[in-house]
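Only the coordinates and a few stated rules stand behind these numbers; no lab work does. For clarity, every value in this text was computed on a predicted model and none was experimentally measured. For neighbour counting, all protein chains shown are included, and Cβ atoms are generated from backbone atoms with ideal geometry for every residue, glycine included.
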Amino acid sequence: MPLGDASGRASGRVPTRQTGGLRHGILPGFWPSLGASMMYLSLIVLIPLSAIFLKSASMTWPRFWDAITAPDVVASYKLTFGASLGAALVNAVFGFVVAWVLARYTFPGKKLVDALVDLPFALPTAVAGIALTSLYSENGWIGHRLAGWGIRVAFTPLGVMVSLIFIGLPFLVRSVQPVLEDVDRELEDAAASLGASRWQVFTRVIFPVVRPALLTGFAMAFARALGEYGSVVFISGNMPMRTQITPLLIVAKLEQYDYAGAAALAVVMLLASFVLLLAINFLGARSRCYMEAR
Amino acid sequence: MKLTGILLLTAASVSLAATVRLLNVSYDPTRELYQNINAAFAKQWKAKTGADVVINQSHGGSGSQARAVIDGLQADVVTLALSYDIDAIAEKAGLLPKNWQGRLPDNSSPYTSTIVFLVRKGNPKRIKDWNDLARPGVSVITPNPKTSGGARWNYLAAWGYALRQNNNDQSKAKDFVSRVYKNVPVLDSGARGATTTFVQRGIGDVLLAWENEAFLALNELGKDKVEIVTPSVSILAEPPVAVVDKNAARHGTAAVAKAYLDFLYSPEGQEIEARNYYRPRSKEVAAKYDRQFPHLTLFTVDEVFGGWQNAQKTYFAEGGTFDQIYRPGR
């Protein structure tokens, strides 16, 4: 089952898959390692997050509801989730192409391109935001060309999306690229020799293998975009009702020492992201099951 | 050999014991000011007491600096942009008494500033006073008052001007400020961001700025790019300073912290502040730098808005007048 193996690796699972119940794997120490992971997760993730819930619990229900449904807050949800989703979708397409080029071809300067992909990981987001804003503002190098077409990027929702695309790109490429590199070329040859067209080879042989990794990358890019603050505040212009992202409103509430209000917005962001990520992971798991069933 | 070693060691530990460390938690644009102040104060303290004092500085947005102190940043003194932020430290963390502002002269603000306009060279839109900012076709750059302490001064300055023009009619003032903010294309999250937008991106006809920041921008960019316009009336910005009593007591730095803040009021300190474009309180120093600072009518937050706590509630809190400007269907 070479295909199943490839997707197994993509999800980072150990190939000794367990079917119901606990079975001893090759490596001992299930309980200590589970204990250590739970401890680690609690310290790093669960305790800080529950502190947020506790903070927001100091509000009464009506106040909580008012805080999370104020008109500018609702407008910011739309922008934050919409732009994050849009950016992740754009990255799913073009990130896939980049991964494809890096996995399938050799060309001079490939190492350089490969390293460039990681740059958005390393660059301080404020630097990214300032650089993108100066490029895309109306007197910027790209911005003034686009302005000729009547397209404004900086200080519009489109600008927010551009900066989210920038920071999300490596997540897509880095999750898809290794899987593409692992795809068994012989299968493609076999499919071609059995009369499959190039399109069919892509959609029926290659894509199903890559899909789980693509979904994982998509989910990570999406999640990262939801929480992004540093780069967006420079390019968005922060106009109330139009280009304010939810994290900015959280900062605005903190500026007024409204810790509970800030926590309330954080809770909404957390729950919504959690549900969305769960749904995406569910889709990923289903497409893996589908692969294994074949 | 051994003896000298021991002597050296003792000498080192003596000088170590005599070195006092002070943490001054301040806001963004005061970096250069306090570098100069710290050097001068350390010299004076050494001459007076023989002890070395090392002052560490921390800079950031005024509100986030205050939150850091509330959350445990060990500041011996705070020098912030608004008394509202030091009030929060007193209230939420109880690190200093609530009447802190009465402990030092002049509302605990050794230097002041005001809000002025920075316009493009030659002032092509002929912006002279606040009412020009509400004119259609004038583009105004100011940060978001929800996230920037400095921007709140800008907002209140415009509001105070309108009150004076309209016999204290609040609804007319609101209408005026709404028209000004209709002319704002971008609300940066902080003052430095707004300066970048105006200067680097070339967006806007006028930048609302602290006077000291406007002078710095003028020096940096050159007089052939921008010029300063001083309106007829503006707000008296009083950035306050305070010893954080509980922290200073714990560090044993109460005396030196107090002396450090007193130095800000001394003739030497006032000179340094004036050279860094803050308006000095001292009449002698002010007279000396008279030509640097244009004359205009200044009003305070206390006089016009009944203090920062009130101003915050009425104008910037959830559903306040700033929110109302942008909410549809009002």
If you restrict to DSSP beta bridges whose two residues both lie in chain B, what percentage is antiparallel, to the nearest 5?
55 percent
Centre separation in Å (Cα based) which lies between the stretch B:17-44 and the stretch A:126-168:
40 Å
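If each residue of separation counts as 0.36 nm, what is the full-extension length gain between A:Met39 and A:Met241 once their alpha-carbon separation is subtracted? If you can, show how the numbers build up before the last one.
Values: separation 202, 0.36 × 202 = 72.72 nm, distance 4.14 nm.
Roughly 68.6 nm would be gained on extension.
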In chain A, which helices (entire DSSP H runs) extend 20 Å or more along their own long axis, judged by Cα positions, while averaging at least -0.5 on the Kyte-Doolittle scale?
A:71-104, A:157-182, A:207-227, A:259-293
Please list, ordered by chain and number, the residues whose modelled amide H lies under 5 Å from the amide H of A:Asn238; skip anything fewer than 5 residues away on the same chain.
B:Leu187
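Structure shown: which of A:Lys55/B:Lys246; A:Lys55/B:Lys174; B:Lys128/B:Lys223; B:Lys43/B:Lys223; B:Lys121/B:Lys313; B:Lys172/B:Lys283 lie over 28 Å apart, alpha-carbon to alpha-carbon? Intermediate results must be reported in sequence, preceding the final value.
Details: A:Lys55/B:Lys246 26 Å; A:Lys55/B:Lys174 34 Å; B:Lys128/B:Lys223 18 Å; B:Lys43/B:Lys223 35 Å; B:Lys121/B:Lys313 38 Å; B:Lys172/B:Lys283 37 Å.
Over 28 Å Cα-Cα: A:Lys55/B:Lys174; B:Lys43/B:Lys223; B:Lys121/B:Lys313; B:Lys172/B:Lys283.
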Average partner chain C-beta neighbours within 10 Å, per residue of A:256-266?
3
Can you tell me the FRET efficiency between B:Asn168 and B:Lys98 if r is taken as the Cβ-Cβ distance and R0 is 35 Å, rounded to the nearest 0.05?
0.75
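Compute the Rg/Rh shape ratio of the protein assembly as shown: radius of gyration over Kirkwood radius, all on alpha-carbon atoms.
Working: Rg = 29.4 Å, Rh = 28.1 Å.
On the Cα set of the protein assembly as shown, Rg over Rh gives 1.05.
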Calculate, for A:Ala147 and A:Phe121, the FRET efficiency according to 1/(1 + (r/R0)^6) with r their C-beta to C-beta distance and R0 25 Å; round to the nearest 0.05.
0.20
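Take the alpha carbon atoms of the stretch B:98-150, find their radius of gyration, then divide it by 2.2 N^0.38 Å using N residues; give the quotient. Display every interim value, and only then the final one.
Numbers: Rg = 16.8 Å, N = 53, 2.2 N^0.38 = 9.9 Å.
Here the answer is 1.69, to two decimals.
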Note on the protein assembly as shown, DSSP bridge orientation, antiparallel percent to nearest 5 equals 55 percent
Evaluate the Debye formula for chain A with equal point scatterers sitting on the alpha carbons, no solvent, and hand back log10 of I(q)/I(0) at q = 0.09, 0.14 Å⁻¹, in q order, two decimals.
-0.58, -1.17
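Just tell me, in residue order, which DSSP H segments of chain B are both 20 angstrom or longer along the helix axis (alpha-carbon based) and at least 0.5 in mean Kyte-Doolittle hydropathy. Show your work: numbers first, answer last.
Numbers: long enough: B:2-18 (24 Å, 1.62); B:31-49 (26 Å, -0.96); B:149-165 (25 Å, -0.40).
Membrane-span-like by this criterion, though nothing is claimed about a membrane: B:2-18.
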Rounded Å value of the spacing that divides the Cα centres of the stretch B:84-98 and the stretch A:32-76:
26 Å
Cβ-based charge dipole, the stretch A:135-294, positive-most Cα from A:Phe218, A:Pro240, A:Ala285:
A:Pro240
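Could you work out how much longer the chain between B:Asn56 and B:Ala18 gets when fully extended? Use 0.36 nm per residue separation minus the Cα distance between them, nm to one decimal. Provide the component values of the computation, followed by the final result.
Working: separation 38, 0.36 × 38 = 13.68 nm, distance 1.63 nm.
The span from B:Asn56 to B:Ala18 would gain 12.0 nm if fully extended.
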Given points 7 Å out from each Cα along the Cα-Cβ axis, report the A:Val97 to B:Thr300 separation in nanometres with one decimal.
6.3 nm
Using a cut-off of 16 Å between alpha-carbon atoms, which aspartates and glutamates can reach B:Lys46, once sequence neighbours fewer than 8 places away in the same chain are excluded?
B:Asp262, B:Glu268
Exposure-ranked with fewest Cβ neighbours within 10 Å first, A:Val209, A:Val233, A:Val113, A:Val201 stand as A:Val113, A:Val201, A:Val209, A:Val233
Quote the FRET efficiency, to the nearest 0.05, computed for B:Glu220 versus B:Asn36 with a Förster distance R0 of 25 Å and r equal to the Cβ-Cβ distance.
0.90
Over all pairs of distinct alpha carbons, what does the Kirkwood formula give as the hydrodynamic radius of the stretch B:99-222, in Å?
15.3 Å
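Report the gain in length on full extension from B:Arg291 to B:Lys182: 0.36 nm times residue separation, minus Cα-Cα distance, nm rounded to one decimal. Please report the intermediate quantities before stating the final value.
Numbers: separation 109, 0.36 × 109 = 39.24 nm, distance 3.50 nm.
Stretched out fully, the B:Arg291 to B:Lys182 stretch lengthens by 35.7 nm.
Explain nothing, just the number: dipole magnitude of the stretch A:68-139 about its Cα centre with +1 on each Lys and Arg Cβ and -1 on each Asp and Glu Cβ, in debye rounded to the nearest 20.
Values: 4 positive and 4 negative charges, 60 e Å.
Charge dipole, the stretch A:68-139, about its Cα centre: 280 debye, nearest 20.
When you look at the Cβ of every residue in A:240-250, what mean number of other chain Cβ atoms sits within 10 Å? Kindly include the intermediate steps, with their values, before the conclusion.
On the way: counts 9, 4, 1, 2, 6, 0, 0, 0, 5, 2, 0.
Neighbouring Cβ atoms belonging to other protein chains average 3 per residue here.
For every helix of n ≥ 4 consecutive DSSP H residues, a contribution of -39,500 (n - 2.57) applies; sum these over chain B, divide by its total residues, and give [θ] at 222 nm rounded to the nearest 500 deg cm²/dmol. Let's see the in-between values first.
On the way: 17 runs with 158 residues, N = 330.
Here the helix-only value at 222 nm equals -13500 deg cm²/dmol.
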Separation of the B:Lys283 and B:Ala249 label points, Cα + 7 Å toward Cβ, nm
3.8 nm
Determine the distance separating the Cα centre of the stretch B:117-191 from the Cα centre of the stretch B:255-330; give it in Å without decimals.
18 Å
